[in-house]
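Q: I am attaching a structure below and will ask some questions about it afterwards.
The values are calculated or read from the model by the stated rules, or taken from the named source; none is laboratory data. None of these values were measured; they are calculated from a predicted model. We place every Cβ from the backbone using ideal geometry, glycine too, and count neighbours over all the protein chains shown. With ligands, DNA and RNA removed, areas are computed over all heavy atoms of the protein, side chains included. Shrake-Rupley method; radii C 1.70, N 1.55, O 1.52, S 1.80 Å.
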Amino acid sequence: RRFSGCYECKLVVDPLLGISKDPSLRGTICSCPECGEIFMKAENLELHQAVRHAVSELGPEDTSKNIVEIIFKSSWLKKQTPICQIDRILKVQNTPKTISKFEEYRDSIKSKATKKHPRCIADGNELLRFHCTTFACSLGLSGSTNLCNTIPKCNVCSIIKNGFKVAQETNGKGILTTATSGKAHDKAAGVEDGDYEKRAMLVCRVIAGRVKKNIMEGDNMEEYDSVAGAVGVYSDLDELFVFNPHAILPCFVVIYRGF
C-alpha cells in the first residue's frame, strides 16, 4: 500500500492505520523523485527505482542516442548482411549502489597496478564493450520504464536488476564482452518468440584491468583481471572475459530486429 505525508513536519499517513508522527521516521522517510511514491526506508526506495524506473528511452533530441546508434552500426561489420533495424535505444538508470560498486572495483584495479600497466594506473584500463543477450518482455516499449521482474528467461531485465553473473566460458571462468556489436550478436543464444529471436545489445563500460593473452598451462591467473579470447580482424581484444561482475556497468540497451 502507498503512504503519503508532509515533508516539512515528517507527518506520515498510512491508508489503513491513519496518521503517524513517530520521530524515528524523520530520518528514514523518502520519496521517489520520478513518481512521488513515499517509502519508509531508503533501501525500499532503491529497490523501487531499480525495478520501476530502470530504463528510459532516448528520443531524437538526445545526443546520446545518435552516438550509441553510430557505435552500434559502425561495429556491426557484417558486409554480407544488411545492418539490422533499431527499434529503440534505452538508457540504463543505474542505482547509486551499482555505480559505487563499479567505481570501487576500478579503484581496486588502479591501486594494485604497476608501471607495467599504465592504462590500469590511469583508469583501470576502462573500455567500451558489447554484450548481447536475449529478452522476453516489452522492455521500454511505449515509454515503459520498468523491468518485467516476472519472466524467468528475460536475461536483459535480470542483468539490469541483479548484475552480471560469472559463467563457465570457453576460455575459463568469466563474462564475455566483445569489441564489436556483430561479434556480440553471433555469440548470443536465442529465445524463440513467434517467428524470430528477441535480442538486445548492452553497451557497457568495462574495467579490463590486467589482460592475459595467450593462456599457457601453468600460468598464474591471479596476476590478471581478464582474459583475451579469439583475436579478430578489427581488434586484438575481439573477445574479452572479465572475472568480476562488478567490472561491467551496462549503460545503454539497443533493441533491434531484422537480423
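Q: Take the residues of region 55-70 that are in contact with a strand residue (DSSP E or B) (Cβ under 7 Å, 6 or more places away or on another chain) and of a type in the set (A, V, I, L, M, F, W, C): which is farthest from residue 147 (Cα to Cα)?
A: Only one residue tops the list, namely 68.
Q: Quick check on residue 231: is it closer than 16 Å to residue 129 by Cα, of a type outside the set (Asp, Glu) and modelled with pLDDT under 80?
A: Values: closer than 16 Å to residue 129 by Cα: yes; of a type outside the set (Asp, Glu): yes; modelled with pLDDT under 80: yes.
Answer is yes for this residue.
Q: Just to verify a result, which residue in region 160-196, among those that are assigned to a strand (DSSP E or B) and open to solvent by 50 Å² or more (accessible area, probe 1.4 Å), is modelled with the highest pLDDT?
A: At the first step, the residues of region 160-196 found to be assigned to a strand (DSSP E or B) are 167-169, 172-178, 192-193, 196.
In the following step, the residues that additionally are open to solvent by 50 Å² or more (accessible area, probe 1.4 Å) were identified as 168-169, 173, 192-193, 196.
Numbers: 168: 48, 169: 46, 173: 65, 192: 48, 193: 46, 196: 49.
The residue in question is 173.
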